Each structure stands twice: as C-alpha cells, then as structure tokens.
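Only one structure is covered here, and it is reproduced in the block below.
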Amino acid sequence: MIIRMMYVLPMILGRTYDLRTHTVGVDLFSQKDIENPRVIEETFYNSNFKTIETSSDVKEVLDINGDLSLNIKAGTFTIGGFGAYVKSSAQTQNSVDILIKVRFRTISESLPFDIKPVPMWKTMGKTNLGTHYVQSILYGGDLIACIRFKALHSEDLQEIRATITSSISAGNVLDLVGEGKLESLDRQLKRKATMEINYFATVPLEGVANNIEGLRGLVKNFKDHVAKVNNGRGVPVEVELVELSNFDREFEYVKNLELQTELELFEIYLDDLLGTKNRIQTLLFEYRDTLTNEEVKEIADISGRVSKVLRSFLSTIANLDTEKDSQQLESAKEAYREETGRPMPGKFKRLLNKIVKKIAAKKSDEQKQFSVYTQYGSSKCPDNKINNPIYSGYVASSPKNHLGSGVNFLCLPKNPIDMSSEPTVQRNNSILAGVKYGELKIRPFNFLDNKIVFNGVVCSVCLVNAQTVYTFYGQQDCPKSGGWELQYAGYAMISEAMTYETVCVDSKLEAHQDSYVGLHDQNLKFVLAEHPDKKNVNVFLPCSVCSK
C-alpha cells in the first residue's frame, strides 16, 4: 500500500522511513538504480479553508495524523511551512483562526516499481531500515495563510467565533478572499477583536503584505512564487512511501488503532502544556513592572509544574512507536495527573486563568479612565454598562437681555446648596435664570406642546468609562471607525434671544414644570442649517454625543 505524506528532511528517493517513530533511515538502493527517476508532470492547483476550533481541525486541513502532529509540536523534527503553523497553533490563546491551504504541484520523480534493494539489505536491521521507503517525491509549493482574530476580551470569544462561522460558512477560497468579504468581517468584529494575517509557505514569498490585499494577491498568484524556485519545479513538498514488506513480509507495518484513538486526548494534554508555557512567558513580560511577589510566586509554581510534566511528554513522544498500544503513554499521563486522580484536560490553562483574571482586574482598575458630560433634555443617563449617573437637574444660564453674565448653560441640581453667610441684595450682580423650550413653531418632529413648549429643560450629569466624550453636529450616529460609542442623539438648540453656545439636546425633549413663571428665562429653539445641495432650503441640525 502506498502512503502519501508531507516531505521531511533529509528524505531522498530510495531512502527508508520509519512510520513507527517518524525517523528518516538509510539508502536502500544503489546509486545507479535511482539516478534516472521517472519524471511526470503533476501540474495542479488546489485550495480550501476552514475555521479552526480544535487540533483535529488543524490536522484535517493539513492532512496529517495524530502521531505526526505530536512530533511536530514536540520539535522532534521540522517540516517547512505547515510545521511552523502546527507548532504555533498549540500556543494560541483567545483567538479564532481561519486557515487557508493552497497547494500547487509541478512534477513528480518516481522510482521504478520493479526496483530491487541492495544485496544483504536486511542486515542493516529493522531499527535502521524502518518500515517504508520513498518511492516518489512531488515538487511544487504549499501555502498556509492564517487569518487570526484575537479577542480583546476573552468573554467575547464565543461571539467572535459565531460571527465568523455565520459569515463564511460556505464557499471556496477565492470567494473568501474576494472583494469585500474579509473587510466586512473585520468591520463587524472591530470592537471585539484585532485581525492579523500570517503566512507559512515552503517557498519564499517576496513582497507580500500581511493584509487582506496581500492575501488576495497571494492566493491568486501563488503559482508565480513557486515558479521562481528551482527552475520552476518548486521544492519537495510530498512523498509517496511504499512498505518494505513488498520485499520481505517480515517488515510488515501494522498501525495500532487503539493508540491512534488515545493520541487525540494525549494531544489535548500537550496543547494545554505548550499553551500554558507560552502564556506564562507572555504574562511575565506584559506585567513585568506590576507583578507582586506573591503573584510571581504563584506563576513560578505553575511554570515549574508545567515544565516537569512537559519533560515527561516530550520523552514519551520521542520514543513513541505507532505499532505498540497506548500503554506507552501512561507515564506521561501519570505526570499530567500529578497524583490528583483523573487527568482533566486543560487543567493548567484553568489554573493560570485564575491568576490572569486577578492581575487583569487589578490592572483594569488602575487604568480606568473616566469622563464627565452633561446630557441636555433628559433626566437620566444612558442605560449601559459604561455609564453612571451623577445627578439630574435643571438647565440654567444668564437671564435674557441681562448684561455681564455668562453665555454657557449649566446643569444645576434640583436643590442647590446655599453657601452664603448673609442675604445679598440684587445690585449689579451676575445672576442665573432658568432655561426653557421656546414656542418651537418650527420643529423636526411632532410632539405635545403642553408637555414641552415653555417648560423647563431638564438635564443629567453623567460619568462615562471613556477617555473622550465629543459632540458631533450634523449626524445622529457616531463615526463607524475609531471605536466610538453613542451616548445619546438629538438636535442642536440655541437661545432665541442672544448669542449663546449651541448644545445637543436629547430628542426626548424631556421637560419639567417645577420652575416659576420666569420672565427672564432663556428660551431654546432648534438650530437650522442651509441645505448643502438645495438653495434657500434650511434643515434641522442633528447631533450625537459619543465616547471612546
């Protein structure tokens, strides 16, 4: 039976390979017999993609089995292109990968099927000879493009995964990288994740940008990159292996299926160890200036435990024999168990997560930034998780037609505190008066006059967990880019009588009837602006108050 697998250094035609231990062996045939291989044109292009959720998904896309995947992650041997991604995937945290695989083949070189090994070949021994020999080598190039969405907050990971799955559930690679699809997905996830694109290829990629446009061009023109290598041949990417049992039944290879089943869970344990080890290194660097001695001690304890267990895993993988049963995994599983009973998958990740949450919560409290703003026309602040009301009240300003006062609007509490030591007489003083909605004959929408017209304008002072609060005039939404979040929307209003500041009043136009009939109160009216495209046509000026 012929087995096809990815090329591993230092494979050459006629050299043996041991599928039990994934090691390259010895040269089985004479130099004369292999120097003129049969060359066949193999030109074809193939591509596929998949959203990665587990190690099984990675192996499915890359077409590798469990024991080979373990050897790559353990660093037993190196495979160009694919191998680099397999190793990195075991260490990924809080992210979702879309994996694109592109294969291009040019030629194959094959030995004759009637070729005979050198005399006395069996004397080299089963250990050196292995189980198979390289019958054919296929040339060309392989590309793995990884589109990784890294969650800004771990609690958003499932929502990110659901958005990706619903957006790209079907179609081919050219559809995926076609105009607009990835850009749209990036916009949808902008507030929850960052997108990064990385390439893992068996041939050099010259001048390819790590962005959507670069990916689009690479998928379409990968053949051109392969054509630049080895006079258009590309590099060895796959081999076809033939069993040595074709020459002698003594060398028959029988893979242990029970072991293959157990390796699925074993790889989950290994991913937990490698991922935790990598995350510890990242954690120590990221929080190097803020970690307490107690936190360093906790992290060091987990690191020591992971390293101890990992040594047992690497030793087991290095000596793994795919013809033997799963008993050879027991020492590593016992080490993972740490004498606590059942080895629960992901236990080291969970242990580290507890520490990370405490550290992140402390850092979040230290770095929180707040802004205060006034919401005109509403007695309540927005009901969202980043907003906290300070107080509600009434809008006030200088009296109408009164000289020497301010031109700004104030949001006063309903019952301001009197701090004066003795009553004062009104004489050339700067005083305040209420602010009301005017007659509002010209209005952007219909409302009941007795609820609003000539009634006092209410307000609320709000504390928002954001660095910046800004009022955008001429639009009722926040900018789509930059991470802005809407606090409220309404219309621009200004005093009827004097030159005053323009304020954004909530479209609720909430009012109160608690004030006296103030003859000197300011009255607000809607701001009109000339239509940009229609001469002598005025339009109401919308506004939005946004934070980021």
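The values are calculated or read from the model by the stated rules, or taken from the named source; none is laboratory data. On a predicted model such as this, the values are computed, not experimentally measured, just so you know. When we count neighbours, we look across all protein chains shown, and the Cβ atoms used for this are built from the backbone with ideal geometry, even at glycine.
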Checked HIS132, HIS153 against criteria (crowded, with 21+ Cβ neighbours inside 10 Å and either in contact with a helix residue (DSSP H, G or I) (Cβ under 8 Å, 6 or more places away or on another chain) or not hydrophobic (A, V, I, L, M, F, W, C) (or both)); the one match is HIS132
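Determine, yes or no, whether MET5 is under 14 Å from TYR253 (Cβ atoms), in contact (Cβ under 8 Å) with a residue 24 or more places away in the chain, surrounded by fewer than 12 Cβ atoms within 10 Å (Cβ to Cβ) and of a type outside the set (Val, Ile, Thr). Please lay out each step first, then the result.
Working: under 14 Å from TYR253 (Cβ atoms): yes; in contact (Cβ under 8 Å) with a residue 24 or more places away in the chain: yes; surrounded by fewer than 12 Cβ atoms within 10 Å (Cβ to Cβ): no; of a type outside the set (Val, Ile, Thr): yes.
No; evaluated as a whole, the condition is false for this residue.
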| For THR16, are the conditions met, namely being within 30 Å of VAL118 (Cα to Cα) and outside any loop (DSSP other than H, G, I, E, B)? | yes
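Conditions tested, residue by residue: (1) within 23 Å of ASP27 (Cα to Cα); (2) in a strand (DSSP E or B); (3) within 31 Å of the chain's Cα centre (by Cα); (4) not aliphatic (A, V, I, L, M).
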site: PHE222; (1), (2), (3), (4): no, no, yes, yes
site: ASN231; (1), (2), (3), (4): no, no, no, yes
site: VAL237; (1), (2), (3), (4): yes, yes, yes, no
site: GLU240; (1), (2), (3), (4): yes, yes, no, yes
site: SER245; (1), (2), (3), (4): yes, no, no, yes
site: LYS255; (1), (2), (3), (4): no, no, no, yes
site: GLN260; (1), (2), (3), (4): no, no, no, yes
site: ILE268; (1), (2), (3), (4): no, no, yes, no
Among (1) buried (at least 17 other Cβ atoms within 10 Å of the Cβ); (2) touching a strand residue (DSSP E or B) at 6+ places or on another chain (Cβ under 8 Å); (3) more than 26 Å from ARG233 (Cα to Cα), GLU60 falls short only on (1)
Review point. Quick one: is LYS436 touching a residue at least 12 places away in the same chain (Cβ under 8 Å), exposed (fewer than 13 other Cβ atoms within 10 Å of the Cβ) and touching a strand residue (DSSP E or B) at 6+ places or on another chain (Cβ under 6 Å)?
Key: no
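For every residue, the table says whether it meets (1) within 13 Å of the chain's Cα centre (by Cα); (2) free of Cβ contacts under 8 Å to residues at least 12 places away in the same chain.
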site: SER154; (1), (2): yes, no
site: GLU159; (1), (2): yes, no
site: THR163; (1), (2): yes, no
site: SER166; (1), (2): no, yes
site: LEU174; (1), (2): no, no
site: LEU185; (1), (2): yes, no
site: ARG191; (1), (2): yes, no
site: THR194; (1), (2): yes, no
site: ILE197; (1), (2): yes, no
Expected single match for more than 30 Å from VAL118 (Cβ to Cβ) and loosely packed, with under 13 Cβ neighbours inside 10 Å among ASN278, ASN231 is ASN231
Checking LEU176, LEU99, LEU157 in turn, the sole residue that is over 20 Å from LEU13 (Cβ atoms), touching a strand residue (DSSP E or B) at 6+ places or on another chain (Cβ under 9 Å) and either hydroxyl-bearing (Ser, Thr, Tyr) or modelled with pLDDT of 90 or more (or both) turns out to be LEU99
PHE266 fails exactly one of (1) touching a residue at least 24 places away in the same chain (Cβ under 8 Å); (2) among the aromatic types (Phe, Trp, Tyr); (3) farther than 21 Å from ASP18 by Cβ, namely (3)
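Looking at the stretch 20-35 only, could you name the residues that are among the aliphatic types (A, V, I, L, M) and within 12 Å of LYS126 (Cα to Cα)? First the steps, then the outcome.
Initially, the stretch 20-35 is screened for residues among the aliphatic types (A, V, I, L, M), giving 24, 26, 28, 34.
Hit for the stretch 20-35 is VAL26, nothing else.
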Just a yes or no: is a residue in the stretch 532-548 touching a residue at least 24 places away in the same chain (Cβ under 8 Å), within 17 Å of ILE442 (Cα to Cα) and out of contact with any Gly (no Cβ under 8 Å at 6 or more places or on another chain)?
yes
One residue is enough: does the stretch 324-342 have a residue meeting the conditions buried (at least 16 other Cβ atoms within 10 Å of the Cβ), farther than 30 Å from GLU252 by Cα and in contact (Cβ under 8 Å) with a residue 40 or more places away in the chain? yes
Condition first: in contact (Cβ under 8 Å) with a residue 24 or more places away in the chain, under 19 Å from the mean Cα position of the chain (by Cα) and assigned to a loop (DSSP other than H, G, I, E, B). Can you find one or more residues in the stretch 200-207 that meet it?
no
For the stretch 464-496, the count of residues that are part of a strand (DSSP E or B), within 11 Å of SER547 (Cα to Cα) and not acidic (Asp, Glu) equals 8
Filtering the stretch 292-318 down to residues that are surrounded by fewer than 20 Cβ atoms within 10 Å (Cβ to Cβ), touching a residue at least 60 places away in the same chain (Cβ under 8 Å) and more than 30 Å from LYS357 (Cα to Cα) yields ALA318
Restricting the stretch 25-54 to residues that are in contact with a strand residue (DSSP E or B) (Cβ under 6 Å, 6 or more places away or on another chain), more than 19 Å from THR106 (Cβ to Cβ) and of a type in the set (Val, Ile, Thr), the one surrounded by the most Cβ atoms within 10 Å (Cβ to Cβ) turns out to be ILE52
Filter result for PHE222 (within 26 Å of SER95 (Cβ to Cβ), touching a strand residue (DSSP E or B) at 6+ places or on another chain (Cβ under 7 Å), at pLDDT 95 or above and surrounded by 12 or more Cβ atoms within 10 Å (Cβ to Cβ)): yes
Would you confirm whether any residue within the stretch 142-153 is within 18 Å of LYS101 (Cα to Cα) and either in a helix (DSSP H, G or I) or polar (S, T, N, Q) (or both)?
no
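Within the stretch 330-345, does at least one residue satisfy the condition of being within 22 Å of LYS73 (Cβ to Cβ) and of a type in the set (Ser, Thr, Tyr)? If you could, list the steps in order and put the result at the bottom.
Of the residues in the stretch 330-345, the ones within 22 Å of LYS73 (Cβ to Cβ) are 330-338, 343-345.
Next, from what is left, pick out any that are of a type in the set (Ser, Thr, Tyr): 331, 336.
Looking through the stretch 330-345, at least one residue is within 22 Å of LYS73 (Cβ to Cβ) and of a type in the set (Ser, Thr, Tyr).
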Within the stretch 36-68, the count of residues that are under 18 Å from LEU241 (Cα atoms) and among the acidic types (Asp, Glu) comes to 3
Being within 31 Å of the chain's Cα centre (by Cα), under 19 Å from LEU138 (Cα atoms) and either of a type in the set (Ser, Thr, Tyr) or modelled with pLDDT of 90 or more (or both) narrows SER88, SER47 down to just SER47
From the option list ASP418, ASP365, single residue qualifying as over 27 Å from VAL296 (Cα atoms), modelled with pLDDT under 95 and acidic (Asp, Glu) is ASP418
